[in-house]
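Right, one structure below, let's go through it.
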Amino acid sequence: MSDQTVTPETTVTPGTTVVPETTVTPETAVTPEAAEAPAPAVIPAMPEVPPGMPEAPPLVPDASPKPPRRVLRAVARWTAAALAFGVLGTGTAFGIASLERTDVPGLATEGDGRWDYPELSLPALPAGSPRPFAAGNPAEIHHADLRDLLLPAPAGAVPDKKLTGGWISTETFLDAYRRQDRTSVAQLLQDAAPRHIAARGWTMPDGTTSRIYLVRFNSTAFASRLLDDLHVGASAGTPLARTDTTEIDGTWSSANNVENLSSYVFAEQAPFGAEHVRQAYTQAGDTVALVVHERAGKRETGRIPFQQTLILQNQLLG
């Protein structure tokens with residue numbers, strides 16, 4: 001597997017625009033068609049997926065004020081954190097100077113289950129626009145094109161013909177949930193009024209199907225409200241399609257967390273049905289990400305490639 005470091009020269013090319021009759025489309029004011037910033041920020045190298053990696057020095061936290069959070073969100077999220085993530089006092093390990101090659105997910109040797117993703121870089125921003133968690137952006141708004149923030153498919157993947165990396169309709173997003181719950185989720189989306197939704201999917205040679213949805217709102221309050229209303233936190237909340245008993249994934253380590261982002265990671269527990277599903281929600285300021293891996297049959301979906309996918313997607317959002 002080739003070294004997977006992130007360099008500023010490579011950018012994620014926007015996908016083909018899809019505009020169904022109920023498509024949630026971007027507002028002109030947020031499409032990054034202005035001049036590019038002098039130099040896009042480089043995504044730090046990824047922390048280790050498996051537990052037990054040595055930690056490197058943490059990033060300096062953003063000192064900008066954060067918007068108030070609802071009481072329900074605070075209770076649910078801190079419960080989930082206590083159950084799944086542990087105390088986060090040590091910060092997030094991003095540096096690779098003190099790590100061995102096999103300790104870093106993007107630089108691991110072949111045969112350990114990781115997927116071969118291309119080199120990644122943060123997309124350019126309109127001139128003068130800050131990154132979502134910069135000191136000059138207390139509202140935590142993503143000014144980059146949402147499609148450019150989608151993780152590209154790894155080597156060997158067969159692209160999903162419906163989730164091509166472009167805009168999708170609310171109806172397409174609702175397909176991620178069980179049929180009996182789609183009406184209620186549709187009402188939540190109508191109340192929260194997302195600005196637009198982008199998605200990418202693919203299938204790997206081992207049969208694992210991956211789907212990533214990014215939903216951007218007008219503010220962090222609306223993004224937080226969606227997770228609250230889906231009851232995501234101490235539980236996976238509103239069930240996804242083809243899931244049975246889904247619980248917090250205890251293998252997710254606090255060392256995998258990306259600064260300023262909140263991730264809630266779950267896995268289907270045995271006995272499961274015809275497929276095994278892993279899923280995670282991440283709130284990144286004004287944007288909610290839903291990452292799903294599933295594989296048909298009695299074998300569990302791979303933990304390492306799922307966590308690798310989630311970490312890389314979170315780094316693009318962070």
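The values are calculated or read from the model by the stated rules, or taken from the named source; none is laboratory data. Being a predicted model, the structure only gives us computed values, none of them experimental. Here the Cβ is made from the backbone with ideal geometry for all residues, glycine too, and neighbour counts use every protein chain on show. Note: areas computed on protein heavy atoms with side chains; ligands, DNA, RNA excluded. Shrake-Rupley method; radii C 1.70, N 1.55, O 1.52, S 1.80 Å.
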Low-density loop positions, trypsin sites (Lys or Arg not before Pro), the stretch 129-196 - DSSP coil, at most 16 other Cβ in 10 Å: Arg178
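If I take every Cα pair under 8 Å that is 6 or more residues apart in the stretch 243-313, average their sequence separation and divide by the length, what percent do I get for the relative contact order?
27 percent
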Glu119 - accessible surface, heavy atoms, 1.4 Å probe, Å² rounded to 10: 80 Å²
Summed side-chain charge close to Asp160 - residues other than Asp160 whose Cβ falls under 14 Å, Lys, Arg +1, Asp, Glu -1: +2
Chain lengthening between Thr183 and Ala274 when straightened (0.36 nm per residue, less Cα-Cα): 30.3 nm
Inter-centroid distance (Cα atoms) of the stretch 205-273 relative to the stretch 286-318, Å: 9 Å
Of all accessible heavy-atom area on the stretch 137-258, the percent that carbon and sulfur account for (1.4 Å): 52 percent
Other-chain or far-sequence residues with amide H under 5 Å of Ala284's (modelled H): Ala289
Accessible area per residue in Å² at 1.4 Å probe, computed on the stretch 214-318: 27 Å²
Ranked by how many other beta carbons lie within 10 Å on average, peptides 126-138, 221-233 from highest: 221-233, 126-138
